[in-house]
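Q: Take a look at this one; I'll ask things after.
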Amino acid sequence: MNGAEALIETLQLCGVEVCFANPGTSEMQLVAALDSHARIRPVLGLFEGVVTGAADGYGRMADKPAATLLHLGPGLGNGLANLHNARRAGSPIINLIGDHATYHLHYDAPLTSDAAGVARPMSDWVRVARSARDLPQAGAEAYAQAMRYPGAIASLIVPADHAWDEGASTVAAAIPAAPPKAPAAVVADAAEALLSTGPTALYLGGRALRGQALIAAGRIAAATGARLICETFPARMERGAGRVAVEKLPYFGEQAADYLKDFTAIVFVGAEPPVSFFAYPGKPSWLSPDGARLVRLASLREDAEDALSSLAAALDAPTEPGLIQPAGIPPAPDGPLNLMSMGAIVAERMPADAIVSDEAATAGLALYPMTAGAAPHDWMTLTGGAIGQGLPLAVGAAIACPDRKVLALQADGSGMYTCQALWTMAREKLDVTTVIINNGSYAILNIELARVGVQNPGPKALSMLSLRDPALDWVAISQGMGVPAVRATTAAEFRAALADAIAHKGPRLVEAIV
Ligand SMILES: Cc1ncc(C[n+]2csc(CCOP(=O)(O)OP(=O)(O)O)c2C)c(N)n1
């Protein structure tokens with residue numbers, strides 16, 4: 001076997017099933033090796049931001065890593081923003097980054113760069129393979145690292161000569177380490193804090209927002225009256241009718257600080273105490289109230305389910321969780337489409353067990369609360385603030401969960417960063433309904449301009465925040481990439497278009513003009 005074959009076979013033994021790829025010459029041995037390993041599905045992305053964002057969506061839904069295949073430092077560089085989001089999400093990913101043959105590097109050929117240096121800031125683990133025989137060993141290590149609870153970014157640099165040199169063999173699959181558990185003393189501390197007088201809260205993030213962990217949080221709320229609050233941008237949360245309802249911390253720092261100001265004790269599970277997204281002149285960065293008792297029960301990398309179950313046991317919590325979300329759909333006003341009617345219609349049409357990729361930006365302020373009582377679903381958000389994540393995330397989620405409908409709620413400006421994801425949806429026939437919210441603007445930046453204190457912005461400033469002139473035609477963009485699309489300008493048109501898109505298995509796009 002050559003190094004590439006031994007690497008790919010080792011990853012397959014570890015359970016890797018998908019490789020999101022955008023290869024070049026230095027990765028041809030890996031492309032050939034993938035060809036002869038039928039159990040790994042290659043998925044081509046036409047820009048590396050699609051590749052890394054799709055691997056993030058896959059990791060969030062599958063709870064195991066996909067591989068990516070990226071072309072040296074520059075190809076990896078194109079994918080870094082979504083790798084940053086994935087790292088913030090705690091997603092498992094194995095990046096395979098091709099590089100020049102070791103003996104070719106010192107000639108400084110055009111694509112030469114410090115690939116490991118490019119990888120480092122957005123990776124939790126970086127390793128350069130040392131030989132063909134070392135390559136499968138490094139692959140098994142990358143898998144173990146990527147599976148570090150709840151997931152980590154493992155980047156492996158693959159020199160071309162190590163990929164083509166013979167004499168390598170597969171390595172036994174690595175066994176991921178179990179996550180550390182919250183110590184009993186901290187559980188006791190958290191129990192005492194939640195039983196203290198005054199309003200208390202359980203602040204949840206990471207894996208605390210789904211499955212048995214979320215149910216345990218509901219039981220703790222029933223036992224103590226603690227409010228359940230989650231981080232503003234969770235990687236993946238279970239919500240909808242019948243689920244334990246969790247309030248989301250507001251985005252704007254002063255609103256978030258106000259939201260938290262009366263709590264006398266807050267217990268954190270799967271999240272750190274929140275800070276404001278940006279600094280603003282004269283406004284606080286730290287959001288927890290002064291003097292409140294803050295207990296870090298479990299960090300992102302500690303077992304959230306175990307921590308919450310242990311806390312529920314310590315409190316002798318009832319078996320039935322509290323704060324169950326009742327079913328309920330808000331009424332949709334008729335007439336021209338607006339965020340209120342859009343939110344109500346999305347709630348009304350939400351397929352049971354759907355997966356939502358939310359990069360709706362300002363429209364999310366309506367879409368998120370209005371879907372609270374919709375059919376149960378998973379909701380994924382922009383964890384790292386680097387826009388261009390929504391459509392690739394939907395690609396990866398659809399590949400991880402082919403039997404579930406994926407709904408991409410996508411703002412137009414952010415959508416343009418990685419709109420090539422539509423082509424992958426068409427090619428792979430992914431069951432994704434995309435709703436583009438076309439407001440012709442970087443609306444949030446118009447708000448931020450005022451918030452940082454800019455008075456009376458002139459036409460030059462405003463032109464940097466406008467997507468008009470020319471207007472984006474998302475129906476044409478989508479159809480040009482093979483995804484059937486329609487435009488809706490009224491509530492009635494939107495309802496009909498969304499219902500039709502959801503009824504159809506396969507990619508569809510609805511351009512919502514607001
Ligand atoms: C990678 C990256 N580049 C730039 C930004 C700055 N940015 C934040 S929001 C935004 C525009 C968002 O516009 P859109 O997606 O249309 O949503 P809207 O605000 O209109 O709801 C930009 C450019 C960012 N967050 N990430």
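Each value in this text was obtained by applying a stated rule to the coordinates, not by laboratory testing. This structure is a prediction, so every number in the text was calculated from the model and none was measured. Cβ coordinates were reconstructed from backbone atoms using ideal geometry, including for glycine residues, and neighbour counts include every protein chain displayed.
Q: May I ask you to list pairs of residues, at least six apart or on different chains, whose Cβ atoms are under 6 Å apart, with the first in region 439-454 being within 6 Å of the ligand (Cβ to nearest atom) and the second being in a helix (DSSP H, G or I)?
A: Sorted first by the residue in region 439-454, then by its partner, the pairs are Tyr442/Gly413; Ala443/Thr362; Ile444/Ala361; Ile444/Thr362.
Q: Here's something else I'd like to know. Of everything in region 344-360 that's over 14 Å from the mean Cα position of the chain (by Cα) and among the hydrophobic types (A, V, I, L, M, F, W, C), which residue is farthest from the ligand (Cβ to nearest atom)? Before you say what the answer is, go through the steps one by one.
A: As a first pass, look at region 344-360 and keep what is over 14 Å from the mean Cα position of the chain (by Cα): 344-354.
Imposing the further condition that a residue be among the hydrophobic types (A, V, I, L, M, F, W, C) reduces the set to 344-347, 350, 352, 354.
Numbers: Ala344: 18, Ile345: 18, Val346: 15, Ala347: 19, Met350: 21, Ala352: 28, Ala354: 22 Å.
Only one residue tops the list, namely Ala352.
Q: Just give me the residues in region 400-416 being more than 16 Å from the ligand (Cβ to nearest atom), aliphatic (A, V, I, L, M) and surrounded by fewer than 24 Cβ atoms within 10 Å (Cβ to Cβ), in sequence order. Quick ask: steps written out before the conclusion?
A: Our first condition is that a residue be more than 16 Å from the ligand (Cβ to nearest atom); within region 400-416, this holds for 400-407.
The next check asks that each one be aliphatic (A, V, I, L, M); those that pass are 400, 406-407.
Answer for region 400-416, where residues must be more than 16 Å from the ligand (Cβ to nearest atom), aliphatic (A, V, I, L, M) and surrounded by fewer than 24 Cβ atoms within 10 Å (Cβ to Cβ): just Ala400.
Q: With the requirement that a residue be in contact with a Ser or Thr (Cβ under 8 Å, 6 or more places away or on another chain) and part of a helix (DSSP H, G or I), what does region 123-136 give you?
A: Taking region 123-136 first, the residues in contact with a Ser or Thr (Cβ under 8 Å, 6 or more places away or on another chain) are 123, 125-127, 133, 136.
Pro136 - this is the single residue of region 123-136 that is in contact with a Ser or Thr (Cβ under 8 Å, 6 or more places away or on another chain) and part of a helix (DSSP H, G or I).
Q: For region 139-246, which strands (runs of 3 or more DSSP E) that fit wholly inside it have 3 or more residues that are of a type outside the set (Asp, Glu) and either in contact (Cβ under 8 Å) with a residue 60 or more places away in the chain or closer than 30 Å to His104 by Cα (or both)?
A: 153-159, 200-204
Q: Which of the helices (runs of 4 or more DSSP H) found entirely inside region 1-81 contain at least 2 residues meeting this: surrounded by fewer than 22 Cβ atoms within 10 Å (Cβ to Cβ) and either of a type in the set (A, V, I, L, M) or in contact (Cβ under 8 Å) with a residue 12 or more places away in the chain (or both)?
A: 3-14, 28-35, 72-78
Q: Please determine, by comparing only the residues of region 417-429 that are surrounded by 24 or more Cβ atoms within 10 Å (Cβ to Cβ) and either hydroxyl-bearing (Ser, Thr, Tyr) or part of a strand (DSSP E or B) (or both), which one is farthest from the ligand (Cβ to nearest atom).
A: Applying the filter and picking the extreme gives Thr424.
Q: Right, something else. Criterion first (polar (S, T, N, Q), under 20 Å from Leu209 (Cα atoms) and away from the ligand (no atom under 16 Å from the Cβ)) does Thr381 satisfy it? Before the answer, list the steps.
A: Numbers: polar (S, T, N, Q): yes; under 20 Å from Leu209 (Cα atoms): yes; away from the ligand (no atom under 16 Å from the Cβ): no.
Spelling it out, it is not the case that Thr381 is polar (S, T, N, Q), under 20 Å from Leu209 (Cα atoms) and away from the ligand (no atom under 16 Å from the Cβ).
Q: Does at least one position in region 461-481 carry a residue that is surrounded by fewer than 23 Cβ atoms within 10 Å (Cβ to Cβ), under 30 Å from Pro92 (Cβ atoms) and of a type outside the set (S, T, N, Q)?
A: So far as region 461-481 goes, yes, one or more of its residues are surrounded by fewer than 23 Cβ atoms within 10 Å (Cβ to Cβ), under 30 Å from Pro92 (Cβ atoms) and of a type outside the set (S, T, N, Q).
Q: Which condition breaks for Ile436 when tested against (1) away from the ligand (no atom under 13 Å from the Cβ); (2) more than 18 Å from Asn78 (Cα to Cα)?
A: Result: Ile436 fails condition (1) only.
Q: While we're here: Residues of region 284-333 being more than 18 Å from Val246 (Cα to Cα), surrounded by 13 or more Cβ atoms within 10 Å (Cβ to Cβ) and charged (D, E, K, R), which ones?
A: Result: Arg293, Arg296, Arg301, Glu302, Asp303, Asp306.
Let's see how each residue does on (1) in contact with a strand residue (DSSP E or B) (Cβ under 6 Å, 6 or more places away or on another chain); (2) within 16 Å of the ligand (Cβ to nearest atom):
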| site | (1), (2) |
| --- | --- |
| Ser463 | no, yes |
| Ala471 | no, yes |
| Val475 | yes, no |
| Arg487 | yes, no |
| Ala491 | no, no |
| Arg495 | no, no |
| Leu498 | yes, no |
| Ala501 | yes, no |
| Lys505 | no, no |
